[in-house]
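A short worksheet on the structure shown next.
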Amino acid sequence: TSTPQVFAAPVAFAMAGLTPADVDVYTCYDPFTIHTLMQIEDSGFCEKGGAGEMAERGDFAYDSGVLPTDTHGGLLSQGHMWGMNHVIEAVRQLRGEAGAAQIANARLGLVTGWGDFGDGSLVVLRSDA
């Protein structure tokens with residue numbers, strides 16, 4: 001019922017001196033819809049079980065959401081590539097190079113990864129431009 005982000009996110013946010021509320025754009029390894037929702041919860045964006053309500057409200061939409069998520073379409077649109085396109089998308093967002101999916105004033109991005117054996121990763125990217 002948990003992802004590796006339950007361990008990685010608190011450490012990464014503490015190291016960066018940030019909180020989930022600071023994130024402008026979120027890209028996560030999304031092999032299945034439930035994994036996206038679980039990682040959002042485990043990364044601290046809402047309480048456990050609350051990501052479904054966020055989805056219903058449209059909170060993940062790139063054009064109006066409070067947490068634009070997988071603005072490049074995720075694995076379904078980008079191909080598997082072990083999630084590397086998620087990092088590329090976050091960098092494009094922070095550089096202002098994401099085209100029609102650009103998040104206005106995106107300065108902080110969060111990228112998560114999740115392996116087949118319960119391993120995971122999380123990177124916080126910031127643009128000071």
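Details
- Couplings 3J(HN,Hα) of segment 24-30, computed from phi: 9, 8, 10, 10, 9, 5, 10 Hz, in residue order, whole Hz [Karplus 6.51 cos²θ - 1.76 cosθ + 1.60, θ = phi - 60°; x for Gly and Pro].
- Listed values for segment 61-75 are Karplus-derived 3J(HN,Hα) couplings in whole Hz (6.51 cos²θ - 1.76 cosθ + 1.60, θ = phi - 60°), namely 5, 5, 9, 8, x, 7, 9, x, 10, 6, 5, 8, x, x, 4, and x replaces Gly and Pro.
- Apolar share of the accessible surface for the chain: 57 percent from carbon plus sulfur atoms, 1.4 Å probe.
- Note on segment 1-67: semi-axes of the ellipsoid equivalent to its C-alpha gyration tensor, largest first and rounded to whole Å, are 18, 15, 10.
- For the chain, built as a Gaussian network whose Cα springs stay under 10 Å, the top-fluctuating residue of Asp59, Asp30, Asp70: Asp59
- Radius of gyration over Kirkwood radius for the chain, both on Cα atoms: the Rg/Rh ratio is 0.92.
- For Asp70, distant residues with modelled amide H under 5 Å away: Tyr26, Thr27, Cys28
- Proximal charge balance of Met54 [Cβ under 11 Å; K/R count +1, D/E count -1]: -4
The values are calculated or read from the model by the stated rules, or taken from the named source; none is laboratory data. Since the structure is predicted, the reported quantities are computational estimates derived from the model, not experimental observations. With ideal geometry, Cβ positions are generated from the backbone for all residues, glycine too; neighbour counts draw on all protein chains shown. In case anyone asks, the SASA skips ligands and DNA or RNA and just uses the protein heavy atoms, side chains included. Shrake-Rupley method; radii C 1.70, N 1.55, O 1.52, S 1.80 Å.
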